Amino acid sequence: MAVDSFSAKARKISANIGAHYVDNARILPWRSSPGGNLPDPYHVWLSEVMLQQTTVGAVKSYFEKFTRRWPTVQDLARAEEADVLAAWAGLGYYARARNLYKCALYVTEKMDGIFPQKESELLLLPGVGAYTAAAIAAIAFGERAVVVDANIERLVARLFAIDTPLPKGKAEIRSAMDAITPDHAAGDFAQACMDLGATICTSKGPKCGICPVQKQCAAFAGGEMERYPVKPPKKAKPVRRARFFWIEQQDRILLATRPPKGMLGGMRGLPDDGWAAGNDGHATPPIAGEWQVHDNIVQHSFTHFSLQVDLAVYQDGKMVTNKGDNIWWPLDNIAEAGLPTLYAKAVDWKLKEEK
DNA sequence: AATGCGGGGAT
DNA sequence: ATCCCAGCATT
């Protein structure tokens with residue numbers, strides 16, 4: 001395609017997406033209205049980290065909870081890390097919460113509570129990568145940054161029929177996004193593109209009939225929208241087994257704090273057999289005595305494997321001595337323990353089974 | 001360049 | 001059941 005017609009197409013795309021956003025922007029708790037004042041950088045940063053690989057619907061209540069409990073980045077930095085992790089429980093990818101806290105400490109102690117404004121400086125913060133740095137720079141500070149998330153990858157790959165498989169195709173996609181990103185209000189434009197990807201240019205069944213850039217879309221012209229973006233095939237997920245140990249005493253259960261990195265790192269959970277390290281389903285119980293084993297009470301799917309869980313319930317009445325990082329937790333307040341979903345499912349099963 | 005890292009919603 | 005989502009850090 002000639003350079004002139006490319007830039008003419010780019011201008012039309014830019015204008016049409018921008019105009020469409022004015023009346024179709026989603027109303028979201030962390031977002032200001034199109035053309036309005038720049039939103040609070042703390043809110044933008046917090047929402048962007050929560051939104052990494054996570055849908056808008058899943059994030060909303062967590063964003064409200066965090067901003068209510070910790071209204072500023074200094075408030076967050078003053079919290080205990082364990083409280084931040086517990087508040088994150090259920091949202092997944094817990095390294096995000098650990099980096100969030102680390103970043104809050106850094107911004108508070110080293111930057112006097114002021115977030116850096118440039119994309120290149122934001123990129124240095126823990127938990128802030130290429131996407132998030134560009135998004136914060138554009139949305140919170142008005143910088144002309146080129147924002148590329150999964151929505152924009154799909155939208156741009158279709159508009160320009162880019163069929164180089166990801167992740168290699170990412171460079172071409174970024175370059176095309178650069179070409180359609182306007183000099184002013186790049187933050188609104190990025191959010192407009194993401195809204196378009198989330199609501200119209202969807203992965204399956206795109207609503208091309210109401211799309212503001214249908215006429216500019218090469219994939220629509222070719223009639224194979226769902227071919228883009230081209231992705232590599234996925235690997236099969238192995239099924240693994242785990243055993244959890246239920247030790248209850250005086251209406252409390254014993255919880256463990258998991259190792260600080262790796263699967264569910266730093267989170268609380270039921271004592272288990274070391275499944276995360278590969279000791280699937282065969283560990284010696286943590287204390288001697290009689291155990292009743294319930295097979296396959298819970299099934300859970302992770303990114304790269306799925307897990308079938310057995311629950312071993314301690315039968316002896318003798319007092320159990322606590323040790324290590326374990327903590328006795330009152331069962332009637334188990335919702336506050338901050339258990340990742342995997343363990344929350346097992347607790348639910350046990351409490352239901354008792355009725 | 002590959003891999004590890006959650007969980008839930010849509011299809 | 002499978003795919004996917006406002007990705008990042010590590011190797």
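The values are calculated or read from the model by the stated rules, or taken from the named source; none is laboratory data. No experiment lies behind these values; they were computed from the predicted model shown. Ideal geometry is used to build each Cβ from the backbone, glycine not excepted, and the neighbour counts take in all protein chains shown.
Could you check the range A:158-205 and list, in sequence order, the residues that are under 19 Å from residue A:54 (Cα atoms) and assigned to a helix (DSSP H, G or I)?
Result: A:190, A:191, A:192, A:193, A:194, A:195, A:196, A:197, A:198, A:199.
Just to check your reading of the model, which residue among A:29, A:71 is of a type outside the set (Ser, Thr, Tyr) and more than 12 Å from DNA strand C (Cβ to nearest atom)?
When all the criteria are applied, what remains is A:71.
Assuming residue A:219 fulfils every condition listed in (1) of a type outside the set (Asp, Glu); (2) surrounded by 22 or more Cβ atoms within 10 Å (Cβ to Cβ); (3) within 12 Å of DNA strand C (Cβ to nearest atom) apart from one, which condition is it?
(3)
Please list, ordered by first then second residue, the pairs with beta carbon atoms under 6 Å, 6 or more apart or interchain, first in the range A:97-123 and free of Cβ contacts under 8 Å to residues at least 12 places away in the same chain, second of a type in the set (A, V, I, L, M, F, W, C).
Taking only residues 6 or more apart or on different chains, the pairs are A:116/A:122; A:123/A:133.
Return the total of residues in the range A:60-102 being assigned to a helix (DSSP H, G or I) and either within 16 Å of DNA strand B (Cβ to nearest atom) or farther than 21 Å from residue A:122 by Cβ (or both).
26
Determine which single condition residue A:215 fails, assuming it passes every other condition in (1) of a type in the set (Lys, Arg); (2) in contact with a Phe, Trp or Tyr (Cβ under 8 Å, 6 or more places away or on another chain); (3) away from DNA strand B (no atom under 16 Å from the Cβ).
All conditions pass for residue A:215, except number (2).
Could you run through the range A:287-305 and say how many residues are within 11 Å of DNA strand B (Cβ to nearest atom) and assigned to a loop (DSSP other than H, G, I, E, B)?
Residues that pass the stated criteria total 4.
Sort out which residues of the range A:38-59 are outside any helix (DSSP H, G or I) and either within 21 Å of residue A:105 (Cα to Cα) or not assigned by TED's automatic domain parsing to the domain that holds residue A:137 (or both), and write them in order of number.
A:40, A:52
Among (1) at pLDDT 95 or above; (2) on the phi > 0 side of the Ramachandran plot, where does residue A:267 come up short?
For residue A:267, the exception is condition (2).
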